[in-house]
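Heads up, the thing below is written out as structure tokens.
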Amino acid sequence: MQKLTAPAGQPAYPEGHIRNFRVLLSPTPRGARLARLLATEQLRTWALPVDPAANIVAELAANAATHGRVPGRNFQLMLYVVGDTLRIEVTDTQGDGLPQPKEATADTSEAGRGLLVVAALADRWGVDRNLPPRKTVWAEVTVPRQAP
């Protein structure tokens, strides 16, 4: 096994290594909160900035718990870093209809604006249909490149 070393306070990763984290969570408000907490802790472990990624995770997880909820089926949070890109993916089992950001107007409630927040915070975002009945909403943000 190859021993990896890095400067003090920096994680050691071989060149081309993809750091990743995946967890299944219940599609409930508690599961959405746990998604943000776990993502925050993982980002700290990787020595990456918590913001804006934690806010993106919070919005996508809340959407999965609210709009993607199917009784008895969990949603998945996945984080991975390739180079200087952090990709956040939330996959749920409600494949009917793809989410669309709602326009913010003075007469609309605060609900339903999560994807506007994601669009404002992320460098890129989108939705992919997976094998039925799943869909994945993803966002990417640029993070400081870590020394190998």
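The values are calculated or read from the model by the stated rules, or taken from the named source; none is laboratory data. All of these numbers come straight from a predicted model, not from anything done at the bench. Note: ideal-geometry Cβ built from the backbone for every residue, glycine included; neighbour counts use all protein chains shown. For accessibility, only protein heavy atoms count, side chains too; no ligands or nucleic acids. Shrake-Rupley method; radii C 1.70, N 1.55, O 1.52, S 1.80 Å.
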Being part of a loop (DSSP other than H, G, I, E, B) and at pLDDT 95 or above is the filter; apply it to region 48-73 and report the residue that is surrounded by the fewest Cβ atoms within 10 Å (Cβ to Cβ). Asp51
Checking Arg44 against (1) modelled with pLDDT of 95 or more; (2) buried (at least 18 other Cβ atoms within 10 Å of the Cβ): exactly one of these is not met. Which one? (2)
Flagged in region 44-71 as over 11 Å from the mean Cα position of the chain (by Cα), closer than 20 Å to Gln94 by Cα and charged (D, E, K, R), in numbering order, are Arg69
Lone unmet requirement of (1) at pLDDT 85 or above; (2) farther than 16 Å from Val23 by Cβ; (3) open to solvent by less than 40 Å² (accessible area, probe 1.4 Å) for Pro144: (3)
Report, by residue number, each residue of region 114-141 that is touching a helix residue (DSSP H, G or I) at 6+ places or on another chain (Cβ under 7 Å), outside any strand (DSSP E or B) and open to solvent by less than 40 Å² (accessible area, probe 1.4 Å). Gly114, Val118, Ala122
Taking region 86-113 as the search range and keeping residues that are open to solvent by less than 30 Å² (accessible area, probe 1.4 Å) and in a loop (DSSP other than H, G, I, E, B), which one is modelled with the highest pLDDT? Thr93
